[in-house]
1. Could you order the peptides 17-25, 55-63, 36-44, 69-77 from most to least packed, using the average number of other C-beta atoms within 10 Å per residue?
2. Tell me, in nm to one decimal, what length is gained between VAL73 and LYS102 on full extension, where the rule is 0.36 nm per residue of separation less the Cα-Cα distance?
3. How much accessible area per residue does the chain have, in Å², with a 1.4 Å probe?
4. Can you check how the C-alpha radius of gyration of segment 20-176 compares to 2.2 N^0.38 Å, as a plain ratio?
5. Only four residue types carry charge here, +1 at the Cβ of Lys and Arg and -1 at the Cβ of Asp and Glu. Report the dipole size of the chain about the Cα centre in Debye, rounded to the nearest 20.
6. Just list whichever of LYS21/LYS151; LYS70/LYS118; LYS49/LYS102; LYS102/LYS151; LYS21/LYS80 have alpha carbons separated by over 26 Å in the model shown.
7. How much accessible area does ASP30 have with a 1.4 Å probe, in Å² rounded to the nearest 10?
8. If you take the beta carbon distance between ARG91 and LEU23 as r and set R0 to 25 Å, what does 1/(1 + (r/R0)^6) give as a FRET efficiency, to the nearest 0.05?
Amino acid sequence: MLIGLISDTHIPDRARVIPTKVLESFEDVDLIIHAGDLTTTDVIDALEKIAPVIAIQGNMDRVAGLELPKARVIDCEGVKIGVVHGEVYPRADTQQLLYLAKQLDVNILVTGHSHQPKIEQVEDVLLLNPGSPIVPRLADRTVMLLEINNKNVDVEIVKIGAPVCAALDFSQYPEE
């Protein structure tokens, strides 16, 4: 099974639509998992044109009033995948994410929130963060492809575009 992983799209507050490159990267997937901060259900509608979507609530989804589950666990060919936004501080703290995975009793934990891609094996848990295809933090714009075949797991980070750092985008400041 091929699964597209995406997080932190922040549409329409940070971009109007999902980048075409994301849709092209997901064209052969069987399932799409969104790890939160959609900020509109239009994101689910757009992705469902490609494959079924499982989405959970991120911190900005709560602000936007989206009622999505805070966590999900799915079984994919005998591999248990947990999905949470990953609101831990400091952001992307491995030990806290591992604890969340243990609470959910999963083999793989998919999170977002940090806007940075991550593939890390910790003990018996694979921690995945697809980053953000819209507003990465000191990283490339990314999504992920997760392939599970007879309990064998393969993960690929897919670069969607050039790196962007909002803190260094001086076009947001008016010239005087």
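1. Working: 17-25: 16.4, 55-63: 19.9, 36-44: 21.4, 69-77: 13.9.
Final packing ranking: 36-44, 55-63, 17-25, 69-77.
2. So the chain would gain 9.2 nm between VAL73 and LYS102.
3. 51
4. Normalised by 2.2 N^0.38 Å, the Cα Rg of segment 20-176 equals 1.05.
5. With only Lys, Arg, Asp and Glu charged at Cβ, the dipole is about 220 debye.
6. Over 26 Å Cα-Cα: LYS21/LYS151; LYS49/LYS102; LYS21/LYS80.
7. The value for ASP30 is about 80 Å².
8. That gives a FRET efficiency of 0.35.
The values are calculated or read from the model by the stated rules, or taken from the named source; none is laboratory data. Computed from a prediction, not measured in an experiment: that's the story for all the values here. So basically every Cβ, Gly included, is an ideal-geometry build from the backbone, and we count neighbours across all protein chains shown. Side chains included, ligands, DNA and RNA excluded: accessible areas come from the protein's heavy atoms. Shrake-Rupley method; radii C 1.70, N 1.55, O 1.52, S 1.80 Å.
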